[in-house]
1. Could you say which residue among A:186, A:199, A:212 is more than 14 Å from every other protein chain (Cβ to nearest Cβ) and touching a residue at least 40 places away in the same chain (Cβ under 8 Å)?
2. Is it true that some residue in the stretch A:87-106 is in contact (Cβ under 8 Å) with a residue 60 or more places away in the chain, loosely packed, with under 15 Cβ neighbours inside 10 Å and within 20 Å of the chain's Cα centre (by Cα)?
3. Would it be correct to say that residue B:38 is within 14 Å of chain A (Cβ to nearest Cβ) and outside any strand (DSSP E or B)?
4. Quick one: which residue in B:113, B:42 is touching a residue at least 12 places away in the same chain (Cβ under 8 Å) and of a type in the set (Lys, Arg)?
5. Report yes if some residue within the stretch B:132-143 is out of contact with any strand residue (DSSP E or B) (no Cβ under 7 Å at 6 or more places or on another chain), within 14 Å of chain A (Cβ to nearest Cβ) and crowded, with 16+ Cβ neighbours inside 10 Å; otherwise report no.
6. Check B:9, B:15 and return the single one that is touching a residue at least 12 places away in the same chain (Cβ under 8 Å), away from chain A (no Cβ under 11 Å) and surrounded by fewer than 22 Cβ atoms within 10 Å (Cβ to Cβ).
7. Go through (1) in contact with a Gly (Cβ under 9 Å, 6 or more places away or on another chain); (2) under 24 Å from residue B:198 (Cα atoms); (3) within 13 Å of chain A (Cβ to nearest Cβ); (4) in a loop (DSSP other than H, G, I, E, B) for residue B:78 and report which single condition fails.
8. Starting from residues that are surrounded by fewer than 22 Cβ atoms within 10 Å (Cβ to Cβ) and in contact with a helix residue (DSSP H, G or I) (Cβ under 8 Å, 6 or more places away or on another chain), keep the ones in the stretch B:19-51 and report whichever is nearest to residue B:239 (Cα to Cα).
Amino acid sequence: MLNPALRDPAALPRLVLGLLALLLLWPGLNLSELNLAVLADDENAGNMGRFLADFWPLAHDDEFLPLLGRATLETLAIATAGMALALLIAVPGALLASRALSLSAAHRGGRPAWWAQALRWPVRGLLIVLRSVPEIVWALLFVRAVGLGPTAGVLAIAITYSGMLGKVYAEIFESVDPRPSRALLVAGSPRLAAFAYGVLPNAAAEMLSYTVYRWECAIRTSVVMGFVGAGGLGQQIDLSMRMFAGGEVASMLLTFLALVLLADQLSRLLRARLL
Amino acid sequence: MSISLNGVGLIHANGQVALSAIDLRVRPGERVAIIGPSGAGKTSLLRLLATSLRPSAGQLDLLGQQPWQLGARQRQQLRARIGLIHQAPPLPPRQRVVTAVLAGKLGQWSLGKSLLNLLHPLDMHGAQATLSRLDLAEKLFERCDQLSGGQLQRVGIARVLYQAAELILADEPVSAMDPVLAGHTLSVLNQEAAARGITLLASLHAVELALAHFPRIIGLREGRIVFDLPPEAISTGALDALYANEQLQPLPASPAAAPVTIQIPRC
């Protein structure tokens with residue numbers, strides 16, 4: 001017989017979770033002093049409108065275009081060089097921090113010995129330290145150390161991104177099927193070879209897509225860091241904004257959009273080739 | 001002595017007893033089949049011999065060495081001399097067959113050679129020759145995810161043949177193949193063992209294949225060795241007792257027995 005008073009056992013937990021989320025969000029809104037009414041204020045709206053109206057026509061004169069090209073190349077160079085330096089730290093860090101290459105785990109059903117796990121913690125700690133300070137802070141630091149220019153941006157990206165890439169790579173290595181590499185380890189293969197033959201074929205596509213995404217983020221970040229004097233498009237945008245040259249700002253924003261589009265297409269192309 | 005087990009027991013991490021009080025001696029060059037019902041501990045025994053599980057009790061000697069008394073480096077060197085054929089070979093789906101076969105020698109090659117081999121296969125002829133013994137030469141440059149279960153099993157076997165191990169352990173090596181292919185593949189394994197004078201241990205579901213191809217049969221049941229005899233000395237009664245299952249109720253025979261299909265996961 002069917003029970004007439006049938007009730008969804010998940011209803012109460014869902015209600016409680018929903019109320020809890022509201023309760024947590026409300027103080028957040030208050031603390032951040034979010035007040036959407038300022039947008040509708042006449043004077044503010046007028047200021048914004050004038051600034052936006054300047055965006056058209058786009059700046060494209062002979063003097064500006066070479067400047068824009070140079071700044072774009074500089075931004076790309078900062079992002080790429082920063083990523084390359086970050087990879088130099090991230091790959092060895094991820095290999096050391098990941099459980100995927102544990103020899104003791106191969107004959108213990110995937111659980112490394114406690115001392116092997118303890119040895120991985122300092123590396124994990126290093127990766128945490130590297131990524132816990134925001135890149136903009138590193139950039140401010142390096143601008144003081146090595147002066148205005150792209151070097152500060154490259155170093156800042158290299159340091160923060162090595163921590164992020166290292167952590168995510170280590171997790172990707174652990175998330176793929178461990179049986180191929182374990183079988184190789186038990187057949188006497190050294191760990192790096194077992195990694196290259198057992199883990200890498202399964203992890204390559206995901207690593208690649210994350211790396212290209214991070215490169216895209218590095219392009220964005222290098223623009224932000226330009227505002228504190230670390231070169232590239234950001235520095236140009238900052239200058240143009242100070243001179244109220246809306247057309248120039250708009251041209252640069254468009255370039256920026258094109259760069260992100262480029263990164264996106266590159267990622268799709270590479271994934272399609274690899275998958 | 002190729003293999004020597006003295007009172008070896010194995011208890012899994014969940015407390016389940018997989019093997020108890022196993023005594024076993026296998027001389028170099030011997031070819032042994034292990035038979036027994038599902039869950040008898042055949043796979044556990046082979047994984048124990050491949051040092052991919054550590055015994056909880058007793059003494060284990062492989063190729064004259066005690067693997068669990070060795071340092072990590074010496075143990076890896078010993079492991080390179082032992083080849084384990086998996087029932088479902090753990091091969092990355094996107095790896096090419098040639099790479100999967102050549103990976104058999106990773107334990108013997110230097111790291112530099114292994115990495116170079118990943119960029120460009122260094123011994124294509126060797127891989128092709130090994131595969132052609134298993135009638136798979138034309139799949140040399142296919143990807144593993146394009147192969148059937150039986151073809152994958154043969155790639156796994158080719159890897160261990162290419163490894164040129166001194167002790168070959170095979171866990172249900174032909175379970176996904178048709179009878180003709182299964183017979184041929186077991187012959188290849190036996191020929192290899194006889195030609196090079198190496199030891200071969202294989203667990204098999206199909207009793208008739210075991211009796212036809214191996215001069216020594218070990219019956220395993222509930223983690224213990226029930227008999228250890230040449231095939232002509234095994235009676236039907238002994239086989240019935242080995243496979244007897246009190247928990248299965250006899251079902252009324254269905255009009256047409258459905259063909260048994262063995263599903264093994266790809267790669």
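1. Numbers: A:186 fails: more than 14 Å from every other protein chain (Cβ to nearest Cβ); A:199 fails: more than 14 Å from every other protein chain (Cβ to nearest Cβ).
Going through A:186, A:199, A:212 in turn, just one is more than 14 Å from every other protein chain (Cβ to nearest Cβ) and touching a residue at least 40 places away in the same chain (Cβ under 8 Å): A:212.
2. The first filter runs over the stretch A:87-106 and keeps only residues in contact (Cβ under 8 Å) with a residue 60 or more places away in the chain, leaving A:87-91, A:93-95, A:97-101, A:103, A:105-106.
With loosely packed, with under 15 Cβ neighbours inside 10 Å added as a condition, the list becomes A:88.
If we keep only those that are within 20 Å of the chain's Cα centre (by Cα) too, we end up with A:88.
Yes, that holds for at least one residue.
3. On the way: within 14 Å of chain A (Cβ to nearest Cβ): no; outside any strand (DSSP E or B): yes.
In short, no.
4. On the way: B:113 fails: touching a residue at least 12 places away in the same chain (Cβ under 8 Å).
Only one candidate passes the filter, namely B:42.
5. No: zero hits.
6. Numbers: B:15 fails: touching a residue at least 12 places away in the same chain (Cβ under 8 Å).
On inspection, the qualifying residue turns out to be B:9.
7. Unmet condition: (4).
8. This residue is B:37.
The values are calculated or read from the model by the stated rules, or taken from the named source; none is laboratory data. The shown structure was predicted, so the numbers you read here are calculated from the model rather than taken from an experiment. Positions of Cβ are backbone-derived with ideal geometry, glycine not excepted, and every protein chain shown enters the neighbour counts.
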